[in-house]
Structure formats: C-alpha cells, structure tokens
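Comments concern the structure below.
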C-alpha cells in the first residue's frame with residue numbers, strides 16, 4: 001500500500017453539518033502530487049458526528065478522556081496516521097482547495113517544520129462577534145512564533161518533540177511551536193488562504209468565555225515556557241494585567257469623582273479617554289480591514305477583552321494555588 005503524502009487530522013465535538021462541510025472540503029482539494037489520508041477524531045459527540053464522518057469516508061477515532069482537550073484529539077489522530085506530513089484542522093473549518101499544494105512547496109525546505117496560511121470567518125456578517133473576531137485571525141506573513149489549530153506539520157518533527165502537551169486545555173499549538181523552534185526549525189506563515197472558520201458566535205457569554213480561555217492559555221503557557229530557549233507571552237501577560245487594571249481604575253475613579261462632585265464631567269473625561277484608545281487601536285489596525293465601522297468595533301473589542309483575559313489569568317493562578325486542574329473552557 002502506498003504511503004500517503006498527507007494525513008489530514010480533523011478534531012471535533014458535536015459539529016454536525018459543519019463537520020460534513022469540513023470533510024467534503026478536504027475531499028475537494030486540488031491535486032497536490034500525492035495521496036491523502038483522512039482521519040476524524042471525535043471527543044464524545046452526541047449528535048452522530050462519528051457516523052457522519054464514517055459515511056463521508058473518514059477513518060474515525062473516538063476519545064473520551066476525563067479532562068478533554070484539543071491536544072488529546074490531535075495526538076490520537078497523528079499517531080494513528082501514516083502520512084509524511086500532517087495537516088491539522090478543526091471540524092468547524094473549510095479547507096481551501098489550493099492550500100495543500102502551495103504549503104507543500106514551502107514545507108519541502110529542511111528548515112521549515114510548520115506551514116500555516118490565512119484563516120478567516122465564513123460568516124462575519126452573521127453577528128458583531130464574528131465580524132470583529134474575524135480580524136483576530138489576521139497575522140503578518142513570514143516567519144512566526146507560533147501557529148493556530150489549522151497547520152501543516154512534518155511528521156518527523158512531531159515525533160521528535162512528542163506532539164502536543166495533553167495537559168494543556170488551551171494554547172497547545174503555540175506551546176508546541178516553541179519546542180519545535182528549540183530544535184532549530186521554522187514556523188512559516190504563508191500568504192495563502194487556508195481555512196474558513198465558522199465561529200457561530202451570537203451571545204456575549206460565548207465572547208466572554210472565549211477571552212477567559214485565552215487568558216488562561218497566556219498564563220499557563222507563559223509560565224511553562226519562561227525558562228526555556230523560546231519564552232512566550234510573558235510580557236503579554238504583564239501588559240494584559242496592567243491594561244485591565246488601568247481600564248477598571250479609570251472607571252472607578254470617574255464613578256467616585258462623579259458621586260463626590262455631583263457632576264457628569266468625570267464621566268465625560270472617561271468617555272474621551274476610552275474613545276482615544278479605541279480610535280488609536282482602530283487606526284493601527286487599518287491594514288486588516290477597510291471598513292471604518294469594523295475597525296472601530298475591533299478597537300473596542302481589543303480593549304474590552306483585556307478584562308475577561310485578565311479573569312482567565314486569575315483563574316489559572318487560583319487553580320494553581322489550590323493545586324487543582326482547570327476544566328475545559330468551552331465557548332460553543
């Protein structure tokens with residue numbers, strides 16, 4: 001039997017028709033010069049996702065750990081695969097038909113271990129959250145510190161570093177990338193559409209939990225990597241904490257001054273200060289989008305999210321102090 005050139009590992013839980021779309025998009029890729037192996041790893045779905053995947057020709061693995069994580073599913077998938085390269089995808093994404101053929105040309109260089117492209121939201125118009133968070137996926141092209149959940153990796157490097165850290169509930173890809181970089185390898189972000197993502201976020205609660213999850217990842221990964229050759233997110237954690245404190249102190253100060261003076265002027269000053277920060281961020285992000293409204297919303301998001309991110313960091317330290325593990329933080 002011919003060894004596949006690429007093994008595609010899709011992870012998911014209760015993705016329904018989004019999973020069907022993902023698997024069909026993989027089957028629709030343009031010729032990339034080799035065979036493809038398709039593996040779906042299911043994390044205890046209740047909606048018939050494993051049967052759906054089998055019906056679409058995927059090899060299905062089922063994992064049911066006590067403490068679920070994306071890392072567990074990804075490791076189970078690539079370890080059961082046989083491809084020379086491994087493409088990781090989330091079950092709520094659609095693969096661009098040309099990504100593999102372009103990415104394989106880049107990863108053929110012996111120094112490059114990971115290649116990733118552009119991930120964007122499929123339906124940014126469906127909610128303000130989708131519209132704003134779509135811009136969070138946009139990164140400059142070139143050599144990067146880390147990749148996201150969608151990426152093409154060399155099997156050899158996965159075997160060399162041992163794959164993903166299964167005790168992480170978030171931030172597992174950036175943490176893996178630092179161990180890969182420590183082996184002298186490159187993470188490359190190419191200027192090529194890679195996936196369309198369906199966040200399907202319509203509620204503030206989901207937005208808040210996603211940011212809390214990010215904060216937990218920043219704290220845990222930064223602590224784990226701080227004494228390594230490639231520390232990550234240490235300064236980001238300090239900046240986030242300072243940012244959140246300043247925003248809350250400004251609000252508290254304006255409230256106290258207004259109550260003491262029976263005057264709205266302190267709140268007007270607060271509004272002016274917040275507006276300046278939002279406009280400044282929107283202006284700096286203008287390379288990401290041409291819509292002024294979207295950029296203003298992104299500016300608001302960039303500052304407001306610092307508060308739930310700080311809550312996520314506090315949550316990490318709380319569980320660490322109690323010598324307990326934080327459970328999976330799901331926002332869908």
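List of remarks:
- Matching option when the condition is touching a residue at least 40 places away in the same chain (Cβ under 8 Å), part of a strand (DSSP E or B) and buried (at least 21 other Cβ atoms within 10 Å of the Cβ), among 26, 11: 11
- Cβ separations smaller than 6 Å between residues 6+ apart or across chains give the following pairs from the range 244-268 residues that are closer than 17 Å to residue 302 by Cβ to residues that are at pLDDT 85 or above and surrounded by 11 or more Cβ atoms within 10 Å (Cβ to Cβ): 244/306; 244/307; 244/310; 250/270.
- Selection count, the range 204-233, where residues are touching a residue at least 24 places away in the same chain (Cβ under 8 Å), touching a helix residue (DSSP H, G or I) at 6+ places or on another chain (Cβ under 7 Å) and outside any loop (DSSP other than H, G, I, E, B): 14
- Qualifying residue in the range 92-112 (condition: assigned by TED's automatic domain parsing to the domain that holds residue 142, more than 27 Å from residue 49 (Cβ to Cβ) and in contact with a helix residue (DSSP H, G or I) (Cβ under 7 Å, 6 or more places away or on another chain)): yes
- Some residue of the range 138-147 being out of contact with any strand residue (DSSP E or B) (no Cβ under 7 Å at 6 or more places or on another chain) and either closer than 19 Å to residue 72 by Cβ or outside the structural domain of residue 67 (by TED's automatic domain parsing) (or both): no
- Looking across 237, 311, one residue alone is within 30 Å of residue 185 (Cβ to Cβ) and modelled with pLDDT of 95 or more. It is 237.
- Of all residues in the range 92-122, those that are assigned to a loop (DSSP other than H, G, I, E, B) and either modelled with pLDDT of 95 or more or in contact with a strand residue (DSSP E or B) (Cβ under 9 Å, 6 or more places away or on another chain) (or both) total 7.
The values are calculated or read from the model by the stated rules, or taken from the named source; none is laboratory data. As the structure is a prediction and not an experimental result, all values here were calculated from the model. Glycine gets a Cβ as well: all are built from the backbone with ideal geometry, and neighbour counts include every protein chain shown.
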